[in-house]
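Undergrad: The structure's right below; bear with me while I get my questions together.
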Amino acid sequence: MSVHTTQVRVSVPALTACKGKQKIAALTAYIAPIARMLDEHLDMILVGDSTAMVGYAMPDTLSITVDMMAAHAAAVVRATQHACIVVDMPFGSYQESPQQAFANASRMLAASGAQAVKLEGGQVMAETTRFLVERGVPVLAHVGLMPQYVNTMGGYKAQGMTDAAAQRVLEDAVAHAQAGAWGVVLEGVAEGLGRRITESISIPTIGIGASPACDGQVLVTEDILGLTNGKIPKFAKPYADVGALISQAAAQYASEVRDGSFPTLDQCFGVKR
Ligand code: KIV
């Protein structure tokens, strides 16, 4: 059975039901034109807070706000009709208390029409996951390498490399699954750990630098389209060089403006022929 049908938006329960049956294909999108092109091919689109770095050239993901994320999610929802849309909860919008998380999650879902939120955090955030889920907010948990912890990690480092560290990440994933999360993003973990977590929990794991065994995969779209200044993370794969095409088109446009070959009368109004 495929969740990939036309015109009907993939639901959160449909994604959960993919576990063990069908891999979940997901990418990020922050703006309408990209979301429109991705939509028919994907089961899930993540409006990731990675837009802070990718779209706004910020040094990390910590400064993006609830209003900014809600605006991006609303644009992505308006431009799509098929994929399930999940929006990231920004740093500082949910860690304080489950009540704070619910206020901001419900605000983002109501403002955008997105279907679920994603939040980063280990076992300490499982209580928040339960609070949200019991109140109608589907949660995709994010464990392993959690970019919002960049300052506590001292950089972006793969996680779960020792037995003790791997056990902690496994327990994080289990805690969120038991709290009612519909899925778990596993980012930047040892391959064997990604596999082990996938086999240990009954909800889908969506990997990014985790394991081919995960129930699905998510990547930052710009990483696979050549739109990241030539810096491709180890876990991504270049599928197209759209960056080179854009650069080529801009160079040709600039040259035609400068040599007077653009615009021609074809691009002008009120020209009688
Ligand atoms: O913000 C993001 O894009 C993410 C994914 C890459 C998992 O969290």
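Undergrad: Under 5 Å between amide H atoms, partner at least 5 residues away or on a different chain: which partners does K118 have, H built in plane at 1.01 Å?
TA: V87, D88, M89, L140
Undergrad: Please report Rg over Rh for segment 12-240, where both radii come from the alpha carbon positions and Rh follows the Kirkwood definition.
TA: Looking at segment 12-240, the ratio lands at 0.92.
Undergrad: What's the extension gain from L62 to S97 if we count 0.36 nm per residue and subtract their Cα-Cα distance?
TA: Full extension from L62 to S97 adds 10.8 nm.
Undergrad: Using θ = phi - 60° and the Karplus form 6.51 cos²θ - 1.76 cosθ + 1.60, what ³J(HN,Hα) does each residue of segment 49-60 get, whole Hz, x for Gly and Pro?
TA: Whole-Hz 3J(HN,Hα) from phi for segment 49-60: 6, 4, 4, 4, 7, 6, x, 10, 6, 6, x, 7.
Undergrad: Enter the Cα centre distance for the pair segment 173-196 and segment 41-55, rounded to the nearest angstrom.
TA: 19 Å
Undergrad: Would you mind checking the pairs K21/K231; K21/K234; K23/K157; K23/K118; K19/K231; K23/K234 and listing those with alpha carbons more than 24 angstrom apart?
TA: From K21/K231; K21/K234; K23/K157; K23/K118; K19/K231; K23/K234, over 24 Å: K21/K231; K21/K234; K23/K157; K19/K231.
Undergrad: Hey, can you list the DSSP H helices of the chain whose Cα span along the axis is 18 Å or longer and whose average Kyte-Doolittle score is at least 0.0? If you can, show how the numbers build up before the last one.
TA: Working: long enough: 66-79 (20 Å, 1.14); 98-112 (21 Å, -0.05); 163-179 (24 Å, -0.02); 242-259 (26 Å, 0.22).
Passing helices, by number: 66-79, 242-259.
Undergrad: How much of the accessible area of the chain, in percent, comes from carbon and sulfur atoms when a 1.4 Å probe is used? Spell out each step's value before the answer.
TA: On the way: 7680 of 13220 Å².
The computed percentage sits at 58.
Undergrad: So, one more: Multiplying the sequence separation of S200 and D163 by 0.36 nm and subtracting their Cα-Cα distance, what value in nm do you get?
TA: Details: separation 37, 0.36 × 37 = 13.32 nm, distance 1.60 nm.
Roughly 11.7 nm would be gained on extension.
Undergrad: Would you calculate, for the chain, the mean residue ellipticity at 222 nm contributed by helices, counting each DSSP H stretch of 4 or more residues as -39,500 (n - 2.57) and dividing by all residues, to the nearest 500? The partial results should precede the final answer.
TA: Working: 11 runs with 107 residues, N = 273.
The helix contribution divided over the chain gives -11500 deg cm²/dmol.
Undergrad: Roughly how big is segment 12-240's charge dipole about its Cα centre, with Cβ charges of +1 (Lys, Arg) and -1 (Asp, Glu), in debye to the nearest 20?
TA: In debye, rounded to 20, segment 12-240 gives about 300.
Undergrad: E171 to A244: extension gain in nm, 0.36 nm per residue of separation minus the Cα-Cα distance?
TA: Result: 22.0 nm gained on full extension.
Undergrad: Shifting gears a bit: Using label points projected 7 Å from each Cα along Cα→Cβ, tell me how many nm separate K234 and S255, to one decimal.
TA: Distance between the two pseudo-spin positions: 4.0 nm.
Undergrad: Related question: Give the separation of the Cα centroids, segment 142-169 to segment 97-114, in Å.
TA: If we compute the Cα centre of each part, the gap is 26 Å.
Undergrad: In nm, to one decimal, how far is the Y156 label point from the A32 one, both placed 7 Å along Cα→Cβ?
TA: The modelled label-to-label distance comes out at 2.9 nm.
Undergrad: With a bin width of 10 angstrom, please list the P(r) values of segment 171-251 as percents of all Cα-Cα pairs, from the 0 bin to the one holding the largest distance.
TA: 19, 38, 23, 15, 6, 0
Undergrad: Further question on the same structure: Report the local net charge at G113: Lys and Arg +1, Asp and Glu -1, summed over other residues whose C-beta lies under 11 Å from its C-beta.
TA: Details: positive: R9, R78; negative: none.
With Lys, Arg at +1 and Asp, Glu at -1, the net is +2.
Undergrad: Would you mind putting 254-263, 239-248, 122-131 in packing order, based on average other-beta-carbon counts within 10 Å, highest first?
TA: Working: 254-263: 10.5, 239-248: 12.6, 122-131: 19.9.
The densest-packed peptide leads the list: 122-131, 239-248, 254-263.
Undergrad: Considering only protein heavy atoms, what per residue accessible area in square angstrom results for the chain with a 1.4 angstrom probe?
TA: Spelled out: the 1.4 Å probe surface of the chain, per residue, equals 48 Å².
The values are calculated or read from the model by the stated rules, or taken from the named source; none is laboratory data. Note that this is a predicted model, so its numbers are computed, not measured. Cβ coordinates were reconstructed from backbone atoms using ideal geometry, including for glycine residues, and neighbour counts include every protein chain displayed. Only protein heavy atoms, including side chains, enter the accessible area calculation; ligands, DNA and RNA are left aside. Shrake-Rupley method; radii C 1.70, N 1.55, O 1.52, S 1.80 Å.
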